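Each reported figure results from applying straightforward, stated rules to the coordinates on display, with no laboratory input. Since the model is a prediction, treat every value here as computed from it, not as a measurement. No Cβ is skipped: glycine too gets one built from the backbone with ideal geometry, and neighbour counts run over all protein chains shown.
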Amino acid sequence: MSRGCAAGLCASPAATLAASALILAYAAHAAAPWPVRPIRIAVTFPPDGASDIVARLLSSQMAERVGQTVVVDNRQGAGSTLGTTITAQAQSDGHTLVLSNTAPDIP
């Protein structure tokens, strides 16, 4: 064991090179352009409600900022399960979002 190793843990030059390559590959992937296709916002309430209005206001601002179409997709029903299921089953690439709200019941 050399004196430069902490607690006997030393990385070989090959391991250091491999770790550096993985970090660079991750950084390149993380810096990939987004969005590359239209963004979908699944709203868990019907059209013309407060959630729909908020989603449409957000979508227009988001479209201007990211330079991509943002679609509002109203999927009401089943206690918000329909809209959240669509989002949960979508590709995890950030192109499908969900807008839902909850409020405590006040007697």
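Key figures for this structure:
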quantity: Lys, Arg +1 and Asp, Glu -1 on Cβ, resulting dipole of segment 39-99 about Cα centre, debye, nearest 20; calculated: 40 debye
quantity: Full-extension gain in nm, T69 to D93, via 0.36 nm per residue minus C-alpha separation; calculated: 7.1 nm
quantity: Two-site label geometry, I53 and L82: point separation in nm, points 7 Å out along Cα→Cβ; calculated: 2.2 nm
quantity: Summed residue charge, Cβ within 14 Å of L58's Cβ, Lys/Arg positive, Asp/Glu negative; calculated: 0
quantity: Charge tally in the Cβ shell below 12 Å around L99, where Lys, Arg are +1 and Asp, Glu are -1, L99 excluded; calculated: +1
